[in-house]
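K.L.:
Okay, here's the structure, questions in a sec.
The values are calculated or read from the model by the stated rules, or taken from the named source; none is laboratory data. Note that this is a predicted model, so its numbers are computed, not measured. Every residue, glycine among them, receives a Cβ derived from its backbone with ideal geometry; neighbour counts consider all protein chains shown. The area values use the complete protein model at the heavy-atom level, side chains included, leaving out ligands, DNA and RNA. Shrake-Rupley method; radii C 1.70, N 1.55, O 1.52, S 1.80 Å.
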Amino acid sequence: MSKKNLLFFSTLLYVIGCTNVYSPMGIKGEKAKKQLEELRSGLSAVSLFTYLPSIINITSNSTNTTYACPTEDTAISGFTNPTSGSNFDLQSPINYIDLSVTAGGTHYFRSNESSSNLAITGKILKTNDTSAAASCSYVTGSVCGTTDLSGISISSSISTMMFVPLGSCLAIRCTTPAYIRFKQYNFELISMAGIETILSATSSPYIFESVSKIGDDTYYTKESFEKCRKEIVNYSLIEMQYSKFLSTLITEVSTCNKPQSLFQGAATSASRLTAALQGNACDLEPVNFFGF
C-alpha cells in the first residue's frame, strides 16, 4: 500500500474512531448537560413554588381559622380540683406539650417548678372538637405545689411569647373545652429555612453533574439522551408529590404551634435527593466506533 493510501486510511480510521470529535447521529455532552439542566430547573421550580408560600407564611405563627389541627394521644388532661398537684413538666424533653379539656366546667393545669428562666410559646388550637377561641388563661409565679388556684387571678391570655422565671410554675385555667400546645421558644428564623431551600436548589446541578458523569466532549446516543429526559421527568413527579406533602406539613407546623425543625431538614434535602436520583438514572451511552 502506498504512503498516500496509508495516510488516507489512517486519517479515516481516526475520524471514525474518535467519536469525541463529531458524531452526526449523537449529541455532544456539553449540549446534553445544558438541555438536561434546563429541563431539571423548570421542573424543580414547579416543586419549589408548591411549598415556598407556606414557608413565607410560617413567620407569623399562622392564624389560619379553618385548618383543624390534629390532636395527640399523649395530650395531658386537666383537673377539676384547684388544689391538685402539677400534671406537666415545662422541661419535658419532647418537642411540645399538649393540654386537653374535653368537657365543660372549669379545669386547671399546673406545671412543675421551672429549673431555669424559660421562654415558651403557647397557642389555643382549633381541632375537630375544640375552638381556637376557647376560654383559657394563664399565670406564672408562686402557684406551685397544691396552691389553691381558685383563689388566684388567672387572667393573662395564652400567647406566642410567655416567660416562666426560675423557681416559678405555670398554671392554666380553662372554662370551656380546649386544646393547648406549648413549645419552648427557639430563635427560629424562617428566612434561614428559605435560604437553605434556595441553596439546596442551587447546589443540585452540581450533584446531578457529579453523579451522571456526562463528559463535555463525549458524544452520546440520542436514544440514551431521550431516556434520560424521561427519567428526569419521572423523578420530578415524585418530587412534586413530596412537595405537596411538605406544604401540608408546613401548614400544620405554622398553624398548630409545632417546631419548625420538623420540616426544615426535609425541605432542604428534597432537591438534593432528586438531583442524585436523576443523575444516577441518566446513564448516557457513548456513540459507537462509527458515531452511531
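K.L.:
Which is at pLDDT 90 or above, among the hydrophobic types (A, V, I, L, M, F, W, C) and open to solvent by less than 40 Å² (accessible area, probe 1.4 Å), of ALA68, ALA103?
P.N.:
Working: ALA103 fails: open to solvent by less than 40 Å² (accessible area, probe 1.4 Å).
Answer to the check: ALA68.
K.L.:
Of the residues in segment 201-232, how many are surrounded by 20 or more Cβ atoms within 10 Å (Cβ to Cβ) and within 10 Å of GLN278 (Cβ to Cβ)?
P.N.:
Residues that pass the stated criteria total 5.
K.L.:
Here is a further query. Would you pick out the residues in segment 76-91 that are of a type outside the set (Gly, Ala, Ser) and in a strand (DSSP E or B)? Please lay out each step first, then the result.
P.N.:
First pass over segment 76-91, keeping only residues of a type outside the set (Gly, Ala, Ser): 76, 79-83, 87-91.
Once the filter is applied, which keeps residues that are of a type outside the set (Gly, Ala, Ser) and in a strand (DSSP E or B), segment 76-91 yields ILE76, PHE79, PHE88.
K.L.:
Could I ask something else about it? Six or more apart or on different chains, Cβ atoms under 8 Å: show the pairs whose first residue is in segment 28-43 and among the small types (Gly, Ala, Ser) and at pLDDT below 90 and whose second is surrounded by 13 or more Cβ atoms within 10 Å (Cβ to Cβ) and assigned to a helix (DSSP H, G or I).
P.N.:
If the second residue must be surrounded by 13 or more Cβ atoms within 10 Å (Cβ to Cβ) and assigned to a helix (DSSP H, G or I), the pairs left are SER41/PRO205.
K.L.:
Okay, next question. Identify the residue in segment 145-160 that is in contact with a Phe, Trp or Tyr (Cβ under 8 Å, 6 or more places away or on another chain) and either basic (Lys, Arg) or in contact (Cβ under 8 Å) with a residue 24 or more places away in the chain (or both) and, among all such residues, is most open to solvent (accessible area, probe 1.4 Å).
P.N.:
Only one residue fits best here, namely ILE158.
K.L.:
Given the condition open to solvent by 10 Å² or more (accessible area, probe 1.4 Å) and within 30 Å of the chain's Cα centre (by Cα), answer yes or no: does some residue in segment 164-178 qualify?
P.N.:
The first filter runs over segment 164-178 and keeps only residues open to solvent by 10 Å² or more (accessible area, probe 1.4 Å), leaving 165-168, 173, 175-177.
Okay, now just the ones that are also within 30 Å of the chain's Cα centre (by Cα), so none.
Checking segment 164-178: not a single residue is open to solvent by 10 Å² or more (accessible area, probe 1.4 Å) and within 30 Å of the chain's Cα centre (by Cα).
Every residue, every condition in (1) in contact with a Gly (Cβ under 8 Å, 6 or more places away or on another chain); (2) at pLDDT 70 or above; (3) not in a loop (DSSP other than H, G, I, E, B), yes or no:
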{"position": "LEU6", "(1), (2), (3)": "no, no, yes"}
{"position": "PHE49", "(1), (2), (3)": "no, no, yes"}
{"position": "ILE56", "(1), (2), (3)": "yes, no, yes"}
{"position": "THR74", "(1), (2), (3)": "no, yes, no"}
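K.L.:
Looking at segment 156-211, which of the residues that are touching a Leu at 6+ places or on another chain (Cβ under 7 Å) and at pLDDT 95 or above is nearest to LYS34 (Cα to Cα)?
P.N.:
ARG181
K.L.:
Among the residues of segment 113-130, write down those that are open to solvent by less than 60 Å² (accessible area, probe 1.4 Å) and either closer than 16 Å to SER157 by Cα or in a loop (DSSP other than H, G, I, E, B) (or both). Can you show your working first?
P.N.:
Residues of segment 113-130 open to solvent by less than 60 Å² (accessible area, probe 1.4 Å): 114, 116, 118-125, 127, 130.
SER114, SER116, ALA119, ILE120, THR121, GLY122, LYS123, ILE124, LEU125, THR127, THR130 - these are the residues of segment 113-130 that are open to solvent by less than 60 Å² (accessible area, probe 1.4 Å) and either closer than 16 Å to SER157 by Cα or in a loop (DSSP other than H, G, I, E, B) (or both).
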